[in-house]
Amino acid sequence: MSISIHPLNAVLGAEVEGLDLRNPLSADTASALRNAWLKYKVLLIRDQDLTCEQQIAFSKNFGELEAPVMTLLKYKEGSGQKTEIPPEITVVSNVKENGKPIGQLGNGEAFWHSDSNFIEDPPSGGILHAKEIPPAGGNTAFLDTAALLAALPESLREKIKTLSCKHDPSLSSTGTLRKDFEPLTDVSKNRGPAHPLIVTHPETNEKSLFLGRRLNAYIADLDVAESDSLLDELWEYTQGNRFVYEHTWRVGDLLIWDNRAVLHRRDSFDDSHRRVMHKTVLKGTRPH
């Protein structure tokens, strides 16, 4: 199988052509894709139509898979009916059947975040496959966190180089309170782990800024007001499009991102239109 890899017209990302992911990859192709993933941080592969099992098999070329944190209602491809799908697949959707969501995140805006930053060993990556797409909205953007770190003034980098941030699990990336959690009134009491603000990628050795997500974040060992002020200052550097690739989805698109090297967000979209995505998640290690 002959493939070509073309950098996108952005500060990160590349499109891969020449692949039919319904077929197993050769060792050489799998290695080339993994190297490109580490280099470009986001890979786009268009015009794919994968079953759950095919997506899982492809995803394993990038590492061991992590099962979804939550048990979701299942979606039968192409029918709108619930059925069992493999536990490695997360359904990301606004669709409701009999008044109940078939997946997670709905149609609202998902703020800048890295996946599951609120666990000890956040995922190394995510793979998202577009099954149904609304006519407008729902774009997904990715931000290069190494470029973000490099953009900070030297004095600010020096200030945060030994600091860690606690990451709260109670809110989703849309700001929705998760089941079995109470609203957090004191961010210093959040239940998540503390990860360094400056981390080193375990495979590329590139240093980047580990922000996770803004909601309920707390910099350990600072008082809350000082923590909030410093976090607001850091998050200010995510504004604008200097370090961003924004993807407009088409049915059949498959995106692979390095969760250790990017933040991502999603635009809201009209809830009267269906959006169904299948996601696989790659196991990771504790940031350091």
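The values are calculated or read from the model by the stated rules, or taken from the named source; none is laboratory data. Model, not experiment: these values are computed from the prediction. Cβ sites come from the backbone with ideal geometry, for glycine too, and all protein chains shown count toward neighbours. What goes into the accessible areas is simple: the full protein's heavy atoms, side chains included, and nothing from ligands, DNA or RNA. Shrake-Rupley method; radii C 1.70, N 1.55, O 1.52, S 1.80 Å.
Of Gln55, Leu163, Leu230, which is farthest on the positive side of the dipole of the chain, counting Cα position, with +1 on Lys and Arg Cβ, -1 on Asp and Glu Cβ, and the Cα centre as origin?
Positive-end residue among those listed: Gln55.
Which whole-number percentage describes the relative contact order of the range 4-47, with Cα contacts under 8 Å and a sequence gap of 6 or more?
47
Report the accessible area of His247, computed with a 1.4 Å probe over the heavy atoms of all protein chains in place, in Å² rounded to the nearest 10.
Here the accessible area works out near 0 Å².
Provide Glu120, Glu109, Glu236, Glu132 ordered by accessible surface of protein heavy atoms (probe 1.4 Å), highest first.
If we order Glu120, Glu109, Glu236, Glu132 from most to least accessible, we get Glu236, Glu120, Glu109, Glu132.
Springs between alpha-carbon atoms under 10 Å, Gaussian network over the chain: tell me which of Asp28, Asp47, Asp253 tops the mean-square fluctuations.
Asp28
If I histogram all Cα-Cα distances within the chain using bins 5 Å wide from 0, what percent of pairs lands in each bin?
For the chain, the binned pair fractions read 1, 5, 12, 16, 19, 17, 13, 9, 5, 2, 0, 0 percent.
Hey, got the dipole for the chain? About the Cα centre, +1 on K and R Cβ, -1 on D and E Cβ, debye to the nearest 20?
400
Just Glu64, Glu17, Glu182 to compare: in a GNM of the chain, with alpha carbon springs under 10 Å, which one fluctuates most?
Result: Glu182 has the largest fluctuation of those listed.
Given 0.36 nm per residue, what is the gain on full extension from Glu17 to Ser155 after removing their alpha carbon distance, in nm?
Difference between extended and current length: 45.4 nm.
Would you kindly state how much longer the chain becomes between Lys96 and Glu64 on full extension, computed as 0.36 nm times their sequence separation minus their alpha carbon distance, in nm to one decimal?
The Lys96-Glu64 span can extend by a further 8.5 nm.
Assign unit charges at the C-beta atoms only (+1 for Lys and Arg, -1 for Asp and Glu), then state the dipole size of the range 89-243 relative to its Cα centre in Debye, rounded to the nearest 20.
420
Dipole of the range 103-165, Cα-centred, from +1 at each Lys and Arg C-beta and -1 at each Asp and Glu C-beta, to the nearest 20 debye?
120
Express as a percent, rounded to the nearest 5, the fraction of DSSP beta bridges in the chain (both residues included) that run antiparallel.
90
Probe 1.4 Å, all protein chains in place: accessible area of Val11 in Å², nearest 10?
The accessible area of Val11 comes to roughly 80 Å².
Between Arg242 and Glu109, 0.36 nm times their residue separation minus their Cα-Cα distance comes to what?
45.8 nm
Quote the accessible area belonging to Phe181 in square angstrom, nearest 10, computed with a 1.4 Å probe and with ligands, DNA and RNA left uncounted.
Its accessible surface works out to 50 Å², give or take rounding.
Based on alpha-carbon centroids, what's the gap between the range 224-288 and the range 163-208 in Å, whole number please?
Cα centroid to Cα centroid, the span is 14 Å.
With point charges of +1 on the Cβ of Lys and Arg and -1 on the Cβ of Asp and Glu, referenced to the Cα centre of the chain, which listed residue (Ser208, Thr174, Asn94) lies farthest in the positive direction of the dipole?
Asn94
Could you please report the charge total around Ser173, scoring K, R as +1 and D, E as -1 over all other residues with beta-carbon less than 14 angstrom from its beta-carbon?
Around Ser173, the charge tally is +2.
Using modelled amide H (1.01 Å from N, peptide plane; none on Pro or chain starts), what sits under 5 Å from the amide H of Val262, excluding residues fewer than 5 places away?
Hits under the 5 Å cutoff: Thr145.
With every protein chain present, what is the per residue accessible area of the chain (1.4 Å probe, Å²)?
That works out to 46 Å² per residue.
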